[in-house]
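Some notes on the structure that comes next.
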Amino acid sequence: MSVEARPGPGDGAVGSGGKSEVGPGAAGPDPVGSRPSIDREAVVFDLIMVAFAALIVVTALGIGPRARVVPLVVGVPTLLGLLFLLGRDLGIRVLQPRPPSTETVHSMAEATDDLEAAMAAALEVPEDTPEAAQAARRSKILLAGWAIAYVAGVFLTDFLVATPIALFAILAVTTRRWLLSAIVTAGTCLFLYAVFIMLLKVPV
Amino acid sequence: MRRTRMSLALASALALALGTQAAAQSPAGSPAVDGDCEGGYPTRDITLVVPYSPGGGFDTWARLIAPFLTRHLPNQVNVLVENRSGAGGLVGVTEVYGAAADGSTIVITEPGILVTSAIAGTTIIDPAQLRAIGRVAVSPEAIVVAAGAPWQDIAAVQEHAATTGFVRMANGGIAAVNVVSFDALGLNWEGVFHEGSSESILSLIRGDTDISIFTYTSLLDNIKAGDVRMLVLVGTQPTSPEQPGFEEAQGVPTLDEVTGQEGLGAALEQHRIIAAPPGTPDCVVDILSDALMASLTDPELVAQARAADLLPVPVDAAGTQAIIENTVTTLNEYADLIREKLSE
Amino acid sequence: MIDGLIAATIELMAWPGPAIMLVGVLAGLLVGVLPGVGGAGATALLLPVTYAMEPVHAIGFLMAVGTSSGLGGQITSILVNIPGDPPNAATTLDGYPMTRQGRAAEALGAATAGSVVGAVLGVVLLLAVLPITREIVLAFSYPEFFMIALSGLVMIAALTRGNTFKGLLSAGVGLLIAFIGLDPINGAPRFTFGQLYLWDGIDLTPALVGLFAGAEMLALYQFRGDASIVQVEDGARRSRQLDGVVATVRAWRTVVMSSLIGFVVGVIPGIGGTVASFLSYGRAARMSDHPERFGKGAVEGVIASETANDADKGGALLPTIAFGIPGGTMMAVLMVGLILHGVPVGPSLMRGDNLTIVYALVVALLLPRMVAALIVLAVGGRAVALTRIPGSILAPIISVVAIVGVYAVRNSMLDVVVALVFSYVGYAMQRHGFSRVALIIALVLGALVERSYHQTMATFGPAGFISRPIAVALLVLILLTLFGGPLLRLVRRIKARDYGGTPA
């Protein structure tokens, strides 16, 4: 069903409806994975998902005979599919790789049919230069750091203390405009107070 | 509460150690703890934890009682209601179980669920170690069939089960109350899981399942509406015409009457109790219990409760501790059966 | 019936009725705009406010809060890709791309018009089947639940065109996440790894806030810096809300179909607007002449989702009226409210004097949303300015608002942690071509699929799936969704050959 909607030349959309798209043939090169070198980030994410699926499948083997039926029916194929994906992202080609012809270019255009991919592509900034790539990596680490620092802050102090501090800190560090950051933080807190405490009377 | 949760593992381990020690000291199982209340307990606010979301029966009771507890406690400290829902009530009770045993945190719960979980091995809580403060109210459980079903009494269901081999029970999971009461009735059953009582009742009305058992008060509206017929009351008959569902329960046999097993129903019905963490000193329990008993007999509370179709049926600390112990002993006789049903 | 409705309207509009409902509408819109606490949660929180009111005004107020939150939620869905309320999640799929193309006002207009028509059609359907409510509710049993859930999962294939392999894997992972919690056999904990928190499963709200809002904010913050959401240059023509309204009228077939889907899904207890909007979105994408436009700013996508998640509330009232069994969380809260006011809920509602309550419910179901729609139309145009705020300021603010919203649902820091984890998961999924939509649909439907499968097997046996008319009809629809397209093309090809033309 993945191929029915497009009048593609390539592999001829005629007969490949139905369930065959689960197979490797129809998987198509994804926009990120089609880079020549191994995408380390993609591999890490694949690994995380493989680990999760494996954890569920292994755990399912130890539970009641009826309670594990559906989890196994879903879990085993998902795990196998993810392993296949991991292998592909690692550069292992089980099947003949498609020749990098005009067809591939076309398939890539098609791949952006996927609404998710289209949105991802829209957000993508060129990371052509090593400097840009490094900057992107650094900002990624920074982003993860914010979340960890925030959660740690909440557990060390209190939700109501850590949250405004985190907001101010992020704003101040990014914009380097202290007054603006303070005003925005105060405004946000005031708004949240009005909604959650005064209107909804959420118990805190 | 947050800092409490962080040190939860440690605290509950300590509490467990304390608890077992206390149990070892008093072989009867009553976890009495000496201690003195110098400095005049209570001196600061008391948190009454409701282990369910706002709006349910336990929440309604807690919010009803809290201001009256304040009124009847020494020093008139505030009693704050806090909802800590999750895991069918276990999250809130587990937090209180591991909280400081100084009477600053108490919980409203029911022994049946805790004992079932303890038997299933899904909780660190030992229900017998909780310090009972008092019982607030009690509701029997009701075994019901659809109004359109051919069975007029439980004997007819037993006959049907004898020919077909089993009945289909709409349930919300394996609980002691359904395993034990159906075993006592000699009914072989297969469970059909539903999310809660409403969907179970719908399945009865559709005729997809044969029989179900839920708390009497939660089924009352459907019984009144004539959608389902009550065959057996598991627990005690409502004794006062002011009790919700008094009229509808007239003439319905109790589980004890049907099976001839005296006291079985009392271990299965839903007791709403208030309890403190293991190791709470006797003098603290006494102060809290006195305040609770005074609250539950306060005419103003009784009037407010009646307006919400509720009736307090108070039992003091010692009596409530006995209820918990009776539940533990009775249900543990069926421990293997419950575990067997759970592993199916 | 008309007399009853008019009488109920007069009673609801008796002073201070209009003021109470207006406050309810404003509160509903506000909590709808904010991610986290949604309409159902807000009705629960605001329930105590109604204690002092007349029963009919309490109905008006609670209905106003609960029903208008969806109209607020569409605003955030469209403008910043954050579903304010889970039922608005499907609206983000095309609403947000429209915003990026500078068509935010058109999307808002279409969503509002769709909501209004959906609300009206939902109520019309409700009134039409009022005499046979019990029969309708009883017609749906486990096999039907299963087929409805399955048809939702099948939509995943339609929604991940071009990368179905990764779409199916995303759905698989979503299902596995959905299986965490109590098993649907004995109600025993499963995949919880000793954590009480996991007993109740991964809650939809934090997962959704993370996958959509969180991931979006990470991307916005990281890549766009001073840039804002809207991509088009200032010189481009700004869209108008009227365009959206016109588009809705033009897409009347989608509107009718989506209302039907929403209504039927609403009847089924336990599932509601979220499932309805995804089902209806998928169906619209399937039936469209231009399925490739979906996900890239197709206005029909916005219309389908918003129509369905407003029509479902008409259906959700059926089991409440017929059996006193809530068709959704909001109805459950409403029932508690009614009982507290001494109003009998359940079958007795349909008899004699109590019929006025039914009519009051019906009117209160419709009236506040009309007011809410007017407010959204009036304010919506201005709210578009939000999308021009630089990402480095907007992203932290929205993140904090979302986190507080998630936290407030049940004061749980672990919910916030779940939302944060899903933010990174969503971000990674987006970057590496996985489908967040597939994961969410699977997460929403996973429990229902498994539960209804076991329920069917325990009562009807395997024959249940193919022996009941409604289940079979749904199964045929599913098969058509899967294989209908290729079949149709085959027919066309043969026809074309007959006429001597070349295959298109």
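The values are calculated or read from the model by the stated rules, or taken from the named source; none is laboratory data. Treat the numbers as computed from the prediction; the structure is a model and nothing was measured. Cβ sites come from the backbone with ideal geometry, for glycine too, and all protein chains shown count toward neighbours. Calculation scope for accessible area: heavy atoms of the full protein, side chains included, ligands and nucleic acids excluded. Shrake-Rupley method; radii C 1.70, N 1.55, O 1.52, S 1.80 Å.
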Looking at C:Gly314, is it more than 14 Å from chain A (Cβ to nearest Cβ), open to solvent by 10 Å² or more (accessible area, probe 1.4 Å) and either among the small types (Gly, Ala, Ser) or touching a strand residue (DSSP E or B) at 6+ places or on another chain (Cβ under 6 Å) (or both)?
no
Spot the failing condition for B:Pro278; the list is (1) more than 19 Å from B:Ala100 (Cβ to Cβ); (2) part of a loop (DSSP other than H, G, I, E, B), and only one is missed.
(1)
Name the single residue that is most open to solvent (accessible area, probe 1.4 Å) among those in the range A:182-204 being touching a residue at least 12 places away in the same chain (Cβ under 8 Å) and facing chain C (nearest Cβ under 9 Å).
A:Val204
What number of residues in the range B:285-317 are in a helix (DSSP H, G or I) and touching a residue at least 60 places away in the same chain (Cβ under 8 Å)?
17
With the structure loaded, tell me whether B:Ile174 is over 19 Å from the mean Cα position of the chain (by Cα), crowded, with 22+ Cβ neighbours inside 10 Å and not assigned by TED's automatic domain parsing to the domain that holds B:Ala322 or whether it fails that test.
no
Of the residues in the range B:81-115, those that are within 11 Å of chain C (Cβ to nearest Cβ) and farther than 21 Å from B:Val315 by Cβ come to B:Glu82, B:Asn83, B:Arg84, B:Ser85, B:Gly86, B:Ala87, B:Gly88, B:Leu90, B:Val91, B:Gly92, B:Thr94, B:Glu95
Among the residues of the range C:18-49, how many are away from every other protein chain (no Cβ under 11 Å), under 18 Å from C:Gln74 (Cβ atoms) and either in a loop (DSSP other than H, G, I, E, B) or of a type in the set (A, V, I, L, M, F, W, C) (or both)?
5
Within the range C:323-344, how many residues are closer than 22 Å to C:Leu367 by Cα and assigned to a helix (DSSP H, G or I)?
10
Step by step: first the residues of the range A:148-158, then only those that are surrounded by fewer than 19 Cβ atoms within 10 Å (Cβ to Cβ) and of a type outside the set (Asp, Glu), then the one that is nearest to C:Gly28 (Cα to Cα). Which residue is that?
A:Val151
Conditions (1) open to solvent by less than 30 Å² (accessible area, probe 1.4 Å); (2) touching a helix residue (DSSP H, G or I) at 6+ places or on another chain (Cβ under 7 Å): number failed by C:Gly485
(2)
Whichever residue in the range C:142-175 is free of Cβ contacts under 8 Å to residues at least 60 places away in the same chain and in a helix (DSSP H, G or I) and, among such residues, is farthest from the chain's Cα centre (by Cα)
C:Phe165
Please state which of the following conditions C:Trp15 fails to meet, knowing it meets all the rest: (1) surrounded by 24 or more Cβ atoms within 10 Å (Cβ to Cβ); (2) not in a helix (DSSP H, G or I).
(1)
Being of a type in the set (Ser, Thr, Tyr), under 19 Å from C:Asp203 (Cα atoms), open to solvent by 40 Å² or more (accessible area, probe 1.4 Å) and out of contact with any His (no Cβ under 9 Å at 6 or more places or on another chain): is that true of C:Tyr424 here?
yes
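To keep it simple, each residue is scored yes or no on (1) over 29 Å from B:Leu130 (Cβ atoms); (2) assigned to a loop (DSSP other than H, G, I, E, B); (3) modelled with pLDDT under 95; (4) more than 14 Å from chain C (Cβ to nearest Cβ).
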site: B:Ile223; (1), (2), (3), (4): yes, no, yes, no
site: B:Gly226; (1), (2), (3), (4): yes, yes, yes, no
site: B:Thr236; (1), (2), (3), (4): no, yes, yes, yes
site: B:Gln243; (1), (2), (3), (4): no, yes, yes, yes
site: B:Glu257; (1), (2), (3), (4): yes, no, yes, yes
site: B:Glu262; (1), (2), (3), (4): no, yes, yes, yes
Looking at the range B:257-268, is at least one residue of a type in the set (Ser, Thr, Tyr), open to solvent by 20 Å² or more (accessible area, probe 1.4 Å) and farther than 29 Å from B:Leu185 by Cα?
no
Can you report the number of residues in the range A:56-94 which are assigned to a loop (DSSP other than H, G, I, E, B) and either outside the structural domain of A:Asp39 (by TED's automatic domain parsing) or open to solvent by 60 Å² or more (accessible area, probe 1.4 Å) (or both)?
9
Please tell me if B:Asn188 is over 14 Å from C:Ala458 (Cβ atoms) and at the interface with chain C (Cβ under 10 Å from one of its Cβ atoms).
no
Considering the range C:82-141 alone, what residues qualify as being open to solvent by less than 10 Å² (accessible area, probe 1.4 Å), at pLDDT 90 or above, part of a helix (DSSP H, G or I) and within 19 Å of C:Phe323 (Cβ to Cβ)?
C:Leu126
Just to be sure I understand, how many residues within the range B:309-338 are open to solvent by 30 Å² or more (accessible area, probe 1.4 Å) and either in contact with a Leu (Cβ under 7 Å, 6 or more places away or on another chain) or in the same structural domain as B:Gly191 (by TED's automatic domain parsing) (or both)?
1
Got at least one residue in the range C:311-334 being basic (Lys, Arg), on the phi < 0 side of the Ramachandran plot and within 14 Å of the chain's Cα centre (by Cα)?
yes
Taking the options C:Gly324, C:Gly405, C:Gly381, name whichever one is more than 14 Å from chain B (Cβ to nearest Cβ) and open to solvent by 10 Å² or more (accessible area, probe 1.4 Å).
C:Gly381
